[in-house]
């Protein structure tokens, strides 16, 4: 990963893991706003190709180019949010640019991200409370 510092990689990996972990809270009403924020972060991470799908699994693609693209995506998304508030529009106008509400739950609009989120949530429901001492958190994510 030429041009990417260990610090860059560590911060991005932590951010990816936190964004993914928020997916487990889609059924907890008090935490749904954070879950929705996680959906937006995942949109940015997939859109910038920091997260890519390879052979049915996700992988991280941290390069100077994807870091640049991620920064650009964050600027676009948060500029959109700022303009939503400055123009006194409903926050839903911003939110529904990235998500849909389906069967009572917010889900990503983008098909690939939606598939990932639904798969992660199903896996979480299956093994969320099971501890396997031989596995690391990364074993469940990548």
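Condition check for residue 142 on (1) in contact with a strand residue (DSSP E or B) (Cβ under 7 Å, 6 or more places away or on another chain); (2) farther than 16 Å from residue 39 by Cα; (3) modelled with pLDDT of 95 or more: one failure, at (3). Here residue 58 clears all of (1) surrounded by fewer than 17 Cβ atoms within 10 Å (Cβ to Cβ); (2) under 18 Å from the mean Cα position of the chain (by Cα) except the condition numbered (1). For segment 85-104, filtered to residues that are in a strand (DSSP E or B) and under 16 Å from the mean Cα position of the chain (by Cα), the residue that is surrounded by the fewest Cβ atoms within 10 Å (Cβ to Cβ) is 100. For segment 22-74, the tally of residues that are part of a helix (DSSP H, G or I), closer than 21 Å to residue 128 by Cβ and in contact with a strand residue (DSSP E or B) (Cβ under 9 Å, 6 or more places away or on another chain) stands at 5. When residue 112 is tested against the conditions (1) touching a helix residue (DSSP H, G or I) at 6+ places or on another chain (Cβ under 9 Å); (2) at pLDDT below 95; (3) in a strand (DSSP E or B), the lone failure is (3). On the basis of being exposed (fewer than 12 other Cβ atoms within 10 Å of the Cβ), in a helix (DSSP H, G or I) and modelled with pLDDT of 95 or more, does residue 82 make the cut? Judged against the criteria, residue 82 is a match.
The numbered conditions (1) surrounded by 14 or more Cβ atoms within 10 Å (Cβ to Cβ); (2) part of a loop (DSSP other than H, G, I, E, B) are all true for residue 77 except (2).
Filtering segment 53-108 to residues that are in contact with a helix residue (DSSP H, G or I) (Cβ under 8 Å, 6 or more places away or on another chain), in contact (Cβ under 8 Å) with a residue 60 or more places away in the chain and farther than 20 Å from residue 17 by Cβ leaves 99, 106, 107.
The values are calculated or read from the model by the stated rules, or taken from the named source; none is laboratory data. Because the structure is predicted, anything quoted here is derived from the model rather than measured. Because the Cβ atoms are built from the backbone with ideal geometry, glycine has one as well, and the counts that use them run over all protein chains shown.
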